[in-house]
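Below: one structure, written as structure tokens.
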Amino acid sequence: MALGSPHQRTTPLCSLGVGYRDRFGVAGPERRRLRSLPSIIRGNYHNEVEQPMTAVPRLSSRIGPRLRRGVSSRVTKLHREQLLRARIARYRSLSTNHGAFEDTRIVTPLLALGTGTIRAHGVQFGYLPSPSAYDRYTHVEARGAATIEIGAGSVLNNACVLVAEGTEIRLGRDVLLGPEVAIYDSDFHNLNPELRKRGDAAVAPVTVGDNVFIGTRATVLKGVTIGRNSIVGSGSVVTQDIPQGVIAAGNPCRIIRALDPEPAEDLGRPLGTMAEGGE
Ligand SMILES: CC(C)(COP(=O)(O)OP(=O)(O)OC[C@H]1O[C@@H](n2cnc3c(N)ncnc32)[C@H](O)[C@@H]1OP(=O)(O)O)[C@@H](O)C(=O)NCCC(=O)NCCS
């Protein structure tokens, strides 16, 4: 079929060689309806409606396989970025705490809640590619008058949870949190069985020192201080203080060994490059 024939105009080739139908799987009145929606709703639509994994352009057989492959991968990347942007916008619009996010890079969705103070300067939320980038969000919540502060150069991988109920959670500079790390300053329920649903919960501040690395799915509980440079192993439950310069792991988290005291050679990696690597 010749390019530009009336039949083909229903799936026009744009400058990338891909029509709207190809990217979104809709055409005609449905396409016009979608286009008229605000982008945030359009984003939800694409996000919530199952998109077939094969949503790549159908191109004319006149285009050679090499070009077709190039265009397909470009479109898939655009499609992915578009879905992610829509999700980030969606969680921003659901956020009730607009905190102080200066020079902050939001790579995957972030939900910021609560009436407390959230400060994050020079921080990266989310990491690509890492688990949960496309289906989870990072939850940062400062309830009441609580404070959550995250130091410059820190990177929180996807789907982390930080909830401060009554005191504060402070992360120093250059802290690394793996995917799904959770940090709480509270038990959230009174331990007395009679008061569990209505009594006050025990709260105590959490402090994570500079350059601490916390592995995936670790949980840090109320009142804990983790000393600078230390590492917490994946899946650990940290119930007590961890001194500086050690590797600690397990449930409950215990020191495994001290870290090499020699400072590592400075490789000079700039903030943010981690988010771009890998794909
Ligand atoms: C904690 C960690 C850094 C330790 O690495 P390591 O120094 O190579 O440790 P080893 O594998 O030599 O293990 C030393 C001991 O600690 C135990 N251990 C290691 N990691 C553990 C963990 N996460 N939980 C419980 N125990 C752990 C080992 O079983 C071993 O015990 P043993 O001496 O009784 O046999 C590593 O296991 C880890 O958890 N890395 C985090 C990975 C991650 O989540 N990355 C985030 C992705 S962005």
Inset, instruction - Give the long-range amide H neighbours of T225: residues separated by 5 or more places, or on another chain, with amide H under 5 Å away, using H modelled in the peptide plane at 1.01 Å from N. - result: T207, D241, I242
Legend entry - Principal axis box of segment 97-273, alpha-carbon based, largest edge first, Å: 55, 37, 26
Inset, instruction - Scan around I118 for amide H atoms under 5 Å from its own, H built in the peptide plane at 1.01 Å from N, and keep only partners 5 or more places away or cross-chain. - result: G99, A100, I148
Legend entry - Using a Förster distance of 35 Å, the FRET efficiency for S93-H189 (Cβ separation, nearest 0.05): 0.70
Legend entry - Highest-first arrangement of 229-236, 73-80, 123-130, where packing means the average Cβ count within 10 Å: 123-130, 229-236, 73-80
Legend entry - Computed FRET value (nearest 0.05) for A258 with A204, which takes r as the C-beta separation and R₀ as 25 Å: 0.45
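Taken together, the values in this text are just the output of simple stated rules run on the coordinates, not laboratory data. Everything quoted here is computed from the prediction, not taken from an experiment. Heads up, the Cβs are rebuilt from the backbone with ideal geometry, glycines too, and the neighbour counts pull from every protein chain shown.
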